[in-house]
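Asker: Here's a structure for you.
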Amino acid sequence: MSVTHSYPLKAEVKNLNFYYNLVQALKNVHLPIAEKMITALIGPSGCGKTTYLRCFNRMHDLYPGNRYEGEIILYPDRLNIISPKIDPIEVRMRISMVFQKPNPFPKTVFENVAYGLRVRGENRKNFLEEKVEKALIQSALWGEVKDRIYDLAFNLSGGQQQRLCIARALATDPEILLFDEPTSALDPTATSKIEELIMQLKKEVTILIVTHNMQQAARVSDFTAFMYLGEIIEFDKTDKVFTHPSVRLTEEYITGRFG
Amino acid sequence: MRKRTYLKLKERGIEFSLLLSALSSIFITLSIVFILLYEALGFFKDVSIWEFLTGKQWTPLFAQPKFGILPLVTGTLLVTGIAVAVALPVGLIVAIYLSEYAPFRIKEVAKPILELLAAVPTVVYGYFALLFLTPILQKFIPNLSGFNALSPGIIMGIMIIPYVSSVSEDSMKAVPMHIREGSYAMGATKFQTAFKVIIPSAFSGIAAAFIIGISRAIGETMVVAIAAGMMPNLTLNPLEPIQTLTAYIVGVSLGDVPHGTVEYKTIFAAGITLFFMTLSLNILGFWFRRKIREVY
């Protein structure tokens, strides 16, 4: 797996095993995450891609009985983010997530975007206004909502809500942005807007995206990992995976013979 | 063809009997309101509404009766206020704990015990206030009289905690998990998630729980009848004996007031006052819920 050797790394997954109680959901996963690149995870339902993504912000800690083994090293400070000694909140302060379904809070557009900053104890009005505006511009939503920044977020359309959630995740200047099938609840127009946005964002942030949509992975990502039954079957540059996969199973999956 | 007509008739019959049972509850409610209004109107033939609403004394059984409802209204509001001051914050905190913090094992034990609070007969609460809480309070507040508003108010508050907490908890539990995860993913703590996201998300349910609790406190009878003193007293001092609308109704109904007299009709005058108080609260709650709905 030396495809990333010429790229600086943002994170490196080594020997990761994950268990839901006694069920092992991830088996011995290795994966380098290149900095300011988009890494896509594809695979059939139940292959562990979402489980894998949720290790990065320690989401599994919310539920009892889950267990991590191995390392996810975050660079540059070489922090093992799944170590039990590390507070999950500290990890979530550096790594943001956008969910499958848009999940705005019952607050105004402004307060939704400012949420992460407020949680960090930031209450200076000017600072918040600046950050909220910047995040909304980054998420390509500013033009549509600048006149109703104090309206409730529920009044936005589904696609706008998802971009609001992206703005919320961006406002805290995360080092890595995780996307968990971010367009599966959206129509094609909203989907293409989000995809465009994701490609824009890689200038500023390292991105990891889980998708069940292979065209999406092919369109947006630089690297692709194909997962099956909790293992990484193939990891390579995206064009390589989609044009000359080196493993038979990958080829069968991307040509739609199973999954 | 014949079978078809038979089925159709049967269907009609079922529909009609369903309609009838639905109407019966409306009929009963309307007749209660009618009787209340009718008897209260009889009362207002003898006593002017002005005197009723502004008089500062309520002594209908005296030789020279006075018919000012204010002492009973302030008594009701005073005890309700104390009960609500206990039940709403505690109920909400209990709900937050059970929904967001408690591990499964604790929840399993705590919820039934809490609901047991609602199963204790109110008479028991009344005597508990009178014989247990009041003496304890008197140690701290020397000028607290044996009958007072404070002690039954607090006990009533404890009594309605489960009503407030269980409805609030249900509405908090109904907040979808992905909303909760969204907050945690931003680096929020449990506390921040509970107060900044869960409570606003569950707001309409929590408001409904509060209104149920307040209605319950206004309508509660036994505790105040036993421990508050049965003394119409125009005061907002919780240390003095008072009487509530409900306690007055119980007191007079139990006595031997002859049917048809003004004294007898005071029951309905007090009843209609109580009715309007709870009705306005229900309307407020309805309006509130609709407003919240629109917002969502």
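The values are calculated or read from the model by the stated rules, or taken from the named source; none is laboratory data. These figures come from a predicted structure and were not determined experimentally. Cβ atoms come from the backbone with ideal geometry, glycine included; neighbour counts cover every protein chain shown. Please note that ligands, DNA and RNA were not included when accessible areas were found on the heavy atoms of the full protein model with its side chains. Shrake-Rupley method; radii C 1.70, N 1.55, O 1.52, S 1.80 Å.
Asker: Could you say which residue among B:SER183, B:SER151 is more than 12 Å from chain A (Cβ to nearest Cβ), small (Gly, Ala, Ser) and out of contact with any His (no Cβ under 9 Å at 6 or more places or on another chain)?
Answerer: B:SER151
Asker: Could you list all residues from segment A:74-85 that are surrounded by fewer than 17 Cβ atoms within 10 Å (Cβ to Cβ) and touching a residue at least 40 places away in the same chain (Cβ under 8 Å)?
Answerer: Passing the criteria: only A:TYR75.
Asker: When segment B:140-167 is examined, which residues are found to be under 19 Å from B:THR244 (Cβ atoms) and not in a helix (DSSP H, G or I)?
Answerer: Within segment B:140-167, B:LEU144, B:SER145, B:GLY146, B:PHE147, B:ASN148, B:ALA149 meet the criteria.
Asker: Only one of these is part of a helix (DSSP H, G or I) and in contact with a Phe, Trp or Tyr (Cβ under 6 Å, 6 or more places away or on another chain): B:LEU41, B:LEU72, B:LEU92, B:LEU53. Name it.
Answerer: Sole residue among the options that is part of a helix (DSSP H, G or I) and in contact with a Phe, Trp or Tyr (Cβ under 6 Å, 6 or more places away or on another chain): B:LEU72.
Asker: Criterion first (open to solvent by less than 10 Å² (accessible area, probe 1.4 Å) and among the aromatic types (Phe, Trp, Tyr)) does A:PHE179 satisfy it?
Answerer: yes
Asker: Report every pair of residues separated by at least 6 positions or lying on different chains whose Cβ atoms are under 8 Å apart, first residue within segment B:199-226 and within 13 Å of chain A (Cβ to nearest Cβ), second surrounded by fewer than 23 Cβ atoms within 10 Å (Cβ to Cβ) and polar (S, T, N, Q).
Answerer: B:ALA202/B:SER171; B:SER204/B:SER171; B:GLY205/B:SER171; B:ILE206/B:SER171
Asker: Okay, next question. Residues that are open to solvent by less than 10 Å² (accessible area, probe 1.4 Å) and either in contact (Cβ under 8 Å) with a residue 40 or more places away in the chain or farther than 19 Å from A:GLU204 by Cβ (or both): list the helices (runs of 4 or more DSSP H) wholly contained in segment A:119-173 that include at least 2 such residues.
Answerer: A:158-170
Asker: Another question, if that's okay. Give the residues of segment A:47-62 that are within 13 Å of chain B (Cβ to nearest Cβ) and hydroxyl-bearing (Ser, Thr, Tyr), sorted by residue number.
Answerer: A:THR50
Asker: Looking at (1) over 20 Å from the mean Cα position of the chain (by Cα); (2) touching a residue at least 24 places away in the same chain (Cβ under 8 Å), find the lone condition where B:MET159 falls short.
Answerer: It fails just one condition, (1).
Asker: Would you mind finding the one in A:ASN112, A:ASN103 that is closer than 23 Å to A:GLN200 by Cα, within 9 Å of chain B (Cβ to nearest Cβ) and either open to solvent by 60 Å² or more (accessible area, probe 1.4 Å) or touching a residue at least 24 places away in the same chain (Cβ under 8 Å) (or both)?
Answerer: A:ASN103 is the lone residue from the list that is closer than 23 Å to A:GLN200 by Cα, within 9 Å of chain B (Cβ to nearest Cβ) and either open to solvent by 60 Å² or more (accessible area, probe 1.4 Å) or touching a residue at least 24 places away in the same chain (Cβ under 8 Å) (or both).
Asker: Report, ordered by the first and then the second residue, all pairs with beta carbons closer than 9 Å, sequence separation of six or more or different chains, a first member in segment A:197-215 that is closer than 24 Å to A:PRO76 by Cβ and outside any strand (DSSP E or B), and a second member that is among the charged types (D, E, K, R) and modelled with pLDDT of 90 or more.
Answerer: Filtered contacts from segment A:197-215: A:LYS202/A:LYS36; A:LYS202/A:ASP222; A:LYS203/A:LYS36; A:GLU204/A:LYS36; A:GLU204/A:ASP173; A:VAL205/A:LYS36; A:VAL205/A:ASP173; A:VAL205/A:GLU175.
Asker: For segment B:115-129, enumerate the residues that are open to solvent by less than 40 Å² (accessible area, probe 1.4 Å) and of a type outside the set (Ser, Thr, Tyr).
Answerer: B:GLY126, B:ALA129
Asker: Let me ask something additional. Quick check: is even one residue across segment B:279-288 free of Cβ contacts under 8 Å to residues at least 40 places away in the same chain and among the small types (Gly, Ala, Ser)?
Answerer: yes
Asker: If a residue must be open to solvent by 70 Å² or more (accessible area, probe 1.4 Å) and not in a loop (DSSP other than H, G, I, E, B), how many such residues does segment A:25-48 contain?
Answerer: 3
Asker: Before we move on, is B:PHE195 within 13 Å of another protein chain (Cβ to nearest Cβ), aromatic (Phe, Trp, Tyr) and not in a loop (DSSP other than H, G, I, E, B)?
Answerer: Here the answer is yes, as B:PHE195 does meet what is asked.
Asker: Hey, could you check segment B:168-180 for residues that are within 14 Å of chain A (Cβ to nearest Cβ) and part of a helix (DSSP H, G or I) and say which is most open to solvent (accessible area, probe 1.4 Å)?
Answerer: That would be B:MET177.
Asker: Can you name every residue in segment A:142-165 that is among the hydrophobic types (A, V, I, L, M, F, W, C), within 12 Å of chain B (Cβ to nearest Cβ) and closer than 25 Å to A:ILE95 by Cβ?
Answerer: Listed by number, the residues that qualify are A:ALA153, A:LEU164, A:CYS165.
Asker: Does A:GLY70 satisfy being in a loop (DSSP other than H, G, I, E, B) and on the phi > 0 side of the Ramachandran plot?
Answerer: When the stated conditions are applied, A:GLY70 does not pass them.
Asker: What tally of residues in segment A:86-100 results from selecting those that are surrounded by fewer than 21 Cβ atoms within 10 Å (Cβ to Cβ), more than 8 Å from chain B (Cβ to nearest Cβ) and not in a helix (DSSP H, G or I)?
Answerer: Going through segment A:86-100 one residue at a time, the tally reaches 2.
Asker: Picking from B:ILE155, B:ILE214, which residue would you name as being open to solvent by 20 Å² or more (accessible area, probe 1.4 Å) and of a type in the set (A, V, I, L, M)?
Answerer: Only one candidate qualifies: B:ILE214.
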